[in-house]
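*Asks:* Have a look at the structure that comes next, please.
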Amino acid sequence: MPNTNYDSILTTTIESRSRTIQDNVTANNAAYLKMAERGNIRPFNGGHKIIEPLSYAENTNTGWYSGADIFTTGLTEEMTAPEFTIKQLAAPVVITGLDEIKNSGPAGLIDLLESKVRVAESTMENLLDAGFYADGTGSNGKELTGLAAAVPVTVTNTYGNINRALAVNAFWRSRVTDTNAAPAAATILGLFNAEFYALTRGTDAPDLVLADDVTMGVFEGVLQAQVRFTTSKLAELGFNALRYKTADVVLTTGIDGNGPAATTFFLNTKYIHLRPFSGRNMVPLGDQHRPFNQDVTAKTIAWAGNLTCSGAKFQSRLIQS
């Protein structure tokens with residue numbers, strides 16, 4: 001007969017793997033891993049939108065003085081807060097009555113559930129990876145607001161509810177360089193240098209370069225010729241990664257890769273954040289669901305949040321095609 005403890009086994013199986021799912025999402029995306037290292041995977045506790053405070057101007061009251069000079073104490077505007085909508089992701093784990101019968105022993109049922117949860121887990125990982133490169137309009141506006149919006153091809157979009165087309169909001173624009181030419185060994189290091197230096201402010205500099213396969217191949221070829229390989233922590237963790245100055249260079253395409261073709265991103269992940277809702281960070285959602293007109297039982301793994309940015313001017317897109 002079917003296992004009458006199925007519901008509790010399903011719940012326990014998913015709950016025991018929820019932390020694993022969170023960890024695997026990070027471990028399978030180089031940018032998320034960099035954010036985790038910086039402490040930039042930061043859960044939020046609720047609200048209508050996700051707010052990411054940032055400073056965009058200096059304090060104009062600041063200046064040199066002598067003796068009894070009067071300080072300037074006028075009101076200044078140097079802070080703003082882009083707003084990001086909350087996106088939701090769910091993976092229902094469904095088992096039919098027939099499956100339950102066929103795996104009626106507790107051990108067999110647990111094995112079946114483990115397999116189904118692993119499939120749900122890997123699917124959520126893939127969707128969150130794809131969302132990292134998305135513009136937020138996919139799935140009728142339900143997908144993550146990723147790099148296609150944060151570091152777009154044309155930087156005149158409204159991002160985080162701030163209109164980048166307005167001159168007053170130039171501080172919120174990312175950098176884009178289109179070479180109108182394919183990657184070449186003679187130019188690749190010069191282009192990389194130009195992007196890197198344009199994004200550097202003191203010790204603030206890109207820490208992650210995400211490259212397509214063609215660009216990665218040309219860059220690696222140049223390094224091989226000059227014998228300039230450096231060990232990368234991401235390479236040690238299994239990523240196809242190289243090292244360039246203070247940044248890891250990671251392949252974004254390849255089999256099932258979600259990065260755009262002919263595109264390299266220079267990112268300072270200090271200013272990029274993954275903001276999951278604390279109560280929806282790869283957790284079982286509610287009780288098991290048994291439809292009255294179907295012999296199935298479902299339990300859903302849920303995630304909610306978005307990708308946010310607090311420093312768009314420190315990010316760039318290099319297009320070579």
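*Asks:* Could you work out the Kirkwood radius for the range 178-299, taking every pair of different alpha carbons, averaging 1/r and inverting it, reported in Å?
*Replies:* Final number for the Kirkwood radius of the range 178-299 is 17.3 Å.
*Asks:* Continuing with the same structure: Mean shadow of the range 85-210, computed from the convex hull of its alpha carbons, in nm²?
*Replies:* Mean projected area of the Cα convex hull: 13.4 nm².
*Asks:* Amide H neighbours of VAL93 under 5 Å, counting only residues 5+ apart in sequence or on other chains, H built in-plane at 1.01 Å?
*Replies:* Under 5 Å from the amide H of VAL93: LYS299, THR300, ILE301.
*Asks:* List the residues, sorted by chain then number, that are 5 or more residues from TYR244 or on another chain and whose placed amide H is less than 5 Å from its amide H.
*Replies:* For TYR244, whose amide H was placed from the backbone, the distant partners under 5 Å are VAL249.
*Asks:* Relative contact order for the range 172-286 using alpha-carbon pairs under 8 Å, separation at least 6, rounded to a whole percent?
*Replies:* 30
*Asks:* Moving to a separate point now. Which whole-Hz ³J(HN,Hα) couplings does the range 161-169 yield from phi under the Karplus relation 6.51 cos²θ - 1.76 cosθ + 1.60, θ = phi - 60°, glycine and proline marked x?
*Replies:* Working through the residues one at a time gives 6, 10, 7, 6, 5, 7, 4, 5, 9 Hz.
*Asks:* How much of the calculated P(r) for the range 140-212 lies past 19 Å, in percent of all Cα pairs?
*Replies:* 49
*Asks:* Any idea what Rg and Dmax come out to for the range 233-321 if you just take the C-alpha atoms, in Å?
*Replies:* In Å, with Rg to one decimal and Dmax whole: 19.5, 61.
*Asks:* In debye, nearest 20: dipole of the range 193-321 around its Cα centre with unit charges on the Cβ of K, R (+) and D, E (-)?
*Replies:* 440
*Asks:* Per residue of the range 181-188, what does 6.51 cos²θ - 1.76 cosθ + 1.60 with θ = phi - 60° give for ³J(HN,Hα)? Whole Hz please, x for Gly and Pro, Karplus curve as stated.
*Replies:* Computed from phi, the couplings for the range 181-188 are 8, 5, x, 9, 4, 6, 10, 4 Hz.
*Asks:* Return the long-range amide H neighbours of TYR133 (sequence gap of 5 or more, or a different chain), with a cut-off of under 5 Å between placed amide H atoms.
*Replies:* Here LEU147 satisfy the definition.
*Asks:* Cα to Cα, under 29 Å, and not fewer than 8 places away if on the same chain: which lysines meet these conditions relative to LYS299?
*Replies:* Within the straight-line limit of under 29 Å, LYS299 reaches these lysines: LYS49, LYS87, LYS102, LYS116, LYS142.
*Asks:* Starting with the highest mean, order 275-285, 85-95, 204-214 by the number of other Cβ atoms within 10 Å, averaged over the residues of each peptide.
*Replies:* 204-214, 275-285, 85-95
*Asks:* Follow-up. If packing is taken as the average number of other Cβ atoms within 10 Å across a peptide's residues, how do 42-48, 119-125 rank, most packed first?
*Replies:* 119-125, 42-48
*Asks:* Hey, what do the phi angles of the range 313-321 turn into as Karplus ³J(HN,Hα) couplings, whole Hz, using 6.51/-1.76/1.60 and θ = phi - 60°, x for Gly and Pro?
*Replies:* Along the range 313-321, the couplings run 5, 9, 10, 8, 10, 10, 10, 10, 7 Hz.
*Asks:* Quick one: if the Förster radius is 56 Å, what FRET efficiency do ASP256 and ASN61 give, using the C-beta to C-beta distance and rounding to 0.05?
*Replies:* That pair, ASP256 with ASN61, gives E of 0.60.
*Asks:* How would LYS270, LYS142 line up from fewest to most surrounding beta-carbon atoms within 10 angstrom?
*Replies:* LYS142, LYS270
*Asks:* Still on this structure, please answer the following. Just how large is the dipole of the range 129-254 about the Cα centre, in debye to the nearest 20, putting +1 at every Lys and Arg Cβ and -1 at every Asp and Glu Cβ?
*Replies:* 360
Only the coordinates and a few stated rules stand behind these numbers; no lab work does. Since the structure is predicted, the reported quantities are computational estimates derived from the model, not experimental observations. Note: ideal-geometry Cβ built from the backbone for every residue, glycine included; neighbour counts use all protein chains shown.
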